[in-house]
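Worksheet: one structure, shown below.
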Amino acid sequence: MKKLILVLALMAVTTFSFAQEVSSRAKAMRMMAFARPEYMVKDVKVYTDTMTVYSLADYVIYPLGHWTNVEQYITDNQLHWYRESGYKHYYDSMEVSVNTLKRLDGSFVDFYRSITTGKLEILGARITDKEVVFSNGLHVGMTKDEVFAVLFKKYPKSYTADINVLKVISGAGEVGQLYTFKGNKLRHIKVISKYKYY
């Protein structure tokens, strides 16, 4: 009798887990249909509290815009940055010249100028300052609805209610942004990069 109860309990858990997975897949497929065309969304995945959006848009690679040097970026956004220059380890033993721009709250952006593209590429960033605004208008302090409205034309609010992390990843997976929410507010943005252009 105990074995029968154990088997039935295991089947119930397995069935419930499968139902949850189907629900996540259906949610992801519907969100793809709501994506704005300019972001060229190719896939959406939902797993527990995280939504990952795969986009072929240029914005994902250059969230701060296209710049050929750090001075151009500093002059254009008119924010006071603390600037550090030096060399950082990049991948295994390679070292590249990196400019790090910092804000008083600890926000930073690591740039390097690619010899291949001739543009500033982001090696990494962590933004908690509301004054730092991405080229599409996203910034810390926005509501969850405002953030999702940038990427999606419309969507059921229930689809994003449980989402605490939004990942926007480039098609090749080399660059991405992680938007972390606390409650209904965007708390911080992190940019990750696996560039191999240098």
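For the reader, a short list of remarks on this structure follows.
- Per the listing Val132, Val147, Val168, Val140, the residue uniquely part of a helix (DSSP H, G or I), open to solvent by less than 60 Å² (accessible area, probe 1.4 Å), in contact (Cβ under 8 Å) with a residue 12 or more places away in the chain and of a type in the set (Val, Ile, Thr) is Val147.
- Residues located in the range 100-119, provided they are open to solvent by less than 70 Å² (accessible area, probe 1.4 Å), over 14 Å from Ile192 (Cα atoms) and free of Cβ contacts under 8 Å to residues at least 24 places away in the same chain: Thr100, Gly106
- Some residue of the range 101-109 being part of a strand (DSSP E or B) and under 15 Å from Tyr62 (Cα atoms): yes
- Selected residue (only one of Ile122, Ile163, Ile192 is hydrophobic (A, V, I, L, M, F, W, C), in contact (Cβ under 8 Å) with a residue 40 or more places away in the chain and open to solvent by 20 Å² or more (accessible area, probe 1.4 Å)): Ile192
- Test: residue in the range 83-95 that is under 19 Å from Val175 (Cα atoms) and touching a helix residue (DSSP H, G or I) at 6+ places or on another chain (Cβ under 9 Å): no
- Among residues of the range 49-99, those that are over 21 Å from Arg113 (Cβ atoms), in contact (Cβ under 8 Å) with a residue 24 or more places away in the chain and open to solvent by 60 Å² or more (accessible area, probe 1.4 Å), counted: 2
The values are calculated or read from the model by the stated rules, or taken from the named source; none is laboratory data. Computed from a predicted model, the values in this text were never measured in an experiment. Glycine also receives a Cβ, built like all others from the backbone with ideal geometry; neighbour counts cover every protein chain displayed. Keep in mind that these areas ignore ligands, DNA and RNA; they rest on the heavy atoms of the full protein, side chains included. Shrake-Rupley method; radii C 1.70, N 1.55, O 1.52, S 1.80 Å.
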